[in-house]
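A.B. asks: One structure, pasted below without further comment.
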Amino acid sequence: MNWDNDEKIEYFLHSIKAESLCPQVRKVYNICRSSPFGKVIDPGLCAIHAQALIGCFEEARDIYPPCAHEFTVAKNCIKQGTESWVNFNSCETEVENYKKCFHPLSNKYSEYEGQFKTS
């Protein structure tokens, strides 16, 4: 898949947003995938949690309308910075503002515990 620069930036921002909205789902998935002996178990045993994690990420990609401005500002800042890669880090504030913008998804998955069972 060949992504243009805008698509890469958008995916980057969606990933940051999802990371901030889905930490509990990721934690449960990672716990499911680990064993007391430090070995990783069969991922199929954690399919229900993987599906929840993917679902959370997919939902995080939907830009909550009140956050559209912050998303656009962050995207435009990064876009300007990637043209020369000199000012890329100067977008930290804009990205943080988008990351911190309330999204109702934060309530949906904040108490996710899953069932710790095979699907």
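The values are calculated or read from the model by the stated rules, or taken from the named source; none is laboratory data. All of these numbers come straight from a predicted model, not from anything done at the bench. So basically every Cβ, Gly included, is an ideal-geometry build from the backbone, and we count neighbours across all protein chains shown.
A.B. asks: Given (1) more than 17 Å from Ser110 (Cα to Cα); (2) touching a helix residue (DSSP H, G or I) at 6+ places or on another chain (Cβ under 7 Å), where does Ser20 come up short, assuming only one miss?
C.D. replies: Unmet for Ser20, out of (1) more than 17 Å from Ser110 (Cα to Cα); (2) touching a helix residue (DSSP H, G or I) at 6+ places or on another chain (Cβ under 7 Å): (1).
A.B. asks: Right, next: Contact list please: Cβ distance under 8 Å, first residue in the stretch 60-79 and over 9 Å from Cys91 (Cα atoms), second residue surrounded by fewer than 17 Cβ atoms within 10 Å (Cβ to Cβ) and among the aromatic types (Phe, Trp, Tyr), pairs at least six apart or on different chains.
C.D. replies: Sorted first by the residue in the stretch 60-79, then by its partner, the pairs are Tyr64/Phe102; Pro66/Phe102; Cys67/Phe102.
A.B. asks: Let me ask something additional. State all residues of the stretch 40-73 that are more than 15 Å from Lys99 (Cβ to Cβ), under 13 Å from the mean Cα position of the chain (by Cα) and surrounded by fewer than 19 Cβ atoms within 10 Å (Cβ to Cβ); if no residue qualifies, say none.
C.D. replies: The answer is Ile54, Gly55, Glu58, Glu59, Asp62.
Quick grid of which residues meet (1) at pLDDT 90 or above; (2) closer than 26 Å to Glu10 by Cβ; (3) in contact with a Leu (Cβ under 7 Å, 6 or more places away or on another chain); (4) of a type in the set (A, V, I, L, M, F, W, C):
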position	(1), (2), (3), (4)
Pro23	yes, yes, no, no
Arg26	yes, yes, yes, no
Ser34	no, no, no, no
Gly38	no, no, no, no
Asn76	yes, yes, no, no
Trp85	no, yes, no, yes
Leu105	no, yes, yes, yes
Lys108	no, yes, no, no
Gln115	no, no, no, no
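A.B. asks: Limited to the stretch 40-61, what total is found for residues that are in contact with a helix residue (DSSP H, G or I) (Cβ under 8 Å, 6 or more places away or on another chain) and at pLDDT 80 or above?
C.D. replies: First, pick out the residues of the stretch 40-61 that are in contact with a helix residue (DSSP H, G or I) (Cβ under 8 Å, 6 or more places away or on another chain): 40-41, 43, 45-46, 49-50, 52-53, 56-57, 59-61.
Add one more test, that the residue is at pLDDT 80 or above, and what stays is 45-46, 49-50, 52-53, 56-57, 59-61.
Residues in the stretch 40-61 being in contact with a helix residue (DSSP H, G or I) (Cβ under 8 Å, 6 or more places away or on another chain) and at pLDDT 80 or above: 11 in total.
A.B. asks: Within the set of pairs 6 or more residues apart or between chains, which connect a residue that is touching a residue at least 12 places away in the same chain (Cβ under 8 Å) inside the stretch 89-104 to a residue that is among the acidic types (Asp, Glu) and part of a helix (DSSP H, G or I) with Cβ atoms less than 8 Å apart?
C.D. replies: Note: pairs meeting the criteria are Glu94/Glu70; Asn97/Glu70; Tyr98/Glu70; Cys101/Glu70.
A.B. asks: Name the pairs: first residue in the stretch 23-42 and among the aromatic types (Phe, Trp, Tyr), second residue not in a strand (DSSP E or B), Cβ to Cβ under 9 Å, at least 6 apart or on different chains?
C.D. replies: As it stands, the answer is Tyr29/Cys46; Tyr29/His49; Tyr29/Ala50; Tyr29/Ala52; Tyr29/Leu53; Tyr29/Gly114, since those pairs meet every condition given.
A.B. asks: Right, something else. So, Cys67, is that one out of contact with any Asp or Glu (no Cβ under 6 Å at 6 or more places or on another chain), part of a helix (DSSP H, G or I), modelled with pLDDT of 95 or more and at negative phi or not?
C.D. replies: Taking the combined requirement at face value, the residue satisfies it.
A.B. asks: Take the residues in the stretch 87-99 that are loosely packed, with under 13 Cβ neighbours inside 10 Å and more than 17 Å from the chain's Cα centre (by Cα); name whichever of them is modelled with the lowest pLDDT.
C.D. replies: Selected residue: Asn89.
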